[in-house]
Every structure is written in C-alpha cells, then in structure tokens.
1. Report the accessible area of LEU50, computed with a 1.4 Å probe over the heavy atoms of all protein chains in place, in Å² rounded to the nearest 10.
2. Please find the FRET efficiency linking CYS22 to VAL43, where r is the Cβ-Cβ separation and R0 is fixed at 30 Å, and quote it to the nearest 0.05.
3. Counting only heavy atoms of the protein chains, get the accessible area per residue of the chain (1.4 Å probe) and round it to a whole Å² value.
4. Can you give the longest run of the chain that contains no GluC sites (Glu not before Pro) sitting in a DSSP loop with at most 15 other Cβ atoms inside 10 Å?
5. Please list, ordered by chain and number, the residues whose modelled amide H lies under 5 Å from the amide H of GLY17; skip anything fewer than 5 residues away on the same chain.
6. Looking at segment 1-49, which trypsin sites (Lys or Arg not before Pro) are in a loop (DSSP not H, G, I, E or B) and have at most 11 other Cβ atoms within 10 Å?
7. How large is ³J(HN,Hα) for each residue in segment 8-19, as worked out from phi by the Karplus curve 6.51 cos²θ - 1.76 cosθ + 1.60 (θ = phi - 60°), to whole Hz, x for Gly and Pro?
8. Taking K and R as +1 and D and E as -1, what net charge do the other residues with C-beta under 13 Å from the C-beta of LYS40 add up to?
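The values are calculated or read from the model by the stated rules, or taken from the named source; none is laboratory data. All figures in this text were calculated on a predicted structure; none of them were measured in a lab. Here the Cβ positions follow ideal geometry from the backbone for every residue, glycine too, while neighbour counts run over all protein chains shown. The protein model used for the area step is the full one, side chains on, heavy atoms only, and it has no ligands, DNA or RNA in it. Shrake-Rupley method; radii C 1.70, N 1.55, O 1.52, S 1.80 Å.
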Amino acid sequence: MNCFDCAGERVSETATGICRHCGAGICAEHTVENEVTVTKTVVMAREVPLPLKARRMLCRVCHNALSQPK
C-alpha cells in the first residue's frame, strides 16, 4: 500500500500506517502521532482514566480537522 498524500503529490512512498480517522495509508512524513487517554468503566457507569496512554496515528488532514478550534 502506498501513502495516499504522497500519491497526491505524484510521489510513490510506501505507507507505514493507517489514519485512525479516515483509513488512508500514510507514510512516516505524513503521520501525526497523538496520545489518547484510555478509560475503564466501573460501578455506576463511571469512567476512570487509566495511567498508560494509547497511541493514535492520523494523517495531517484529519489531525488538522479534529484539532481546529470550536
């Protein structure tokens, strides 16, 4: 699989990941890596954050769209 964003730039680069939001193949250059809080549901449907964070990889387009001010 090739990087979707590189293909738009007429470059052929192997994808090293997949965007968590849109599913596009992304190379290391077009990847934005974030940490996400993992929660556990306990008694009375209360969510408790766990100490370790999960990794989330996004393409630049989705990262910019999801991090824009409201």
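1. 70
2. Working: r = 36 Å, r/R0 = 1.21.
Approximately 0.25, to the nearest 0.05.
3. On the way: 5610 Å² over 70 residues.
In whole numbers, the chain has 80 Å² accessible per residue.
4. On the way: sites that count: GLU9, GLU29.
Within the chain, the longest run free of exposed GluC sites (Glu not before Pro) spans 30-70.
5. For GLY17, whose amide H was placed from the backbone, the distant partners under 5 Å are ILE26.
6. Working: sites: ARG10, ARG20, LYS40, ARG46; in loops: ARG10, ARG20.
Within segment 1-49, the qualifying trypsin sites (Lys or Arg not before Pro) (loop, at most 11 other Cβ atoms within 10 Å) are ARG10.
7. Result, ordered by residue: x, 9, 6, 10, 9, 10, 5, 6, 10, x, 10, 4 Hz.
8. On the way: positive: ARG46; negative: GLU47.
Neighbour charge sum, excluding LYS40 itself: 0.
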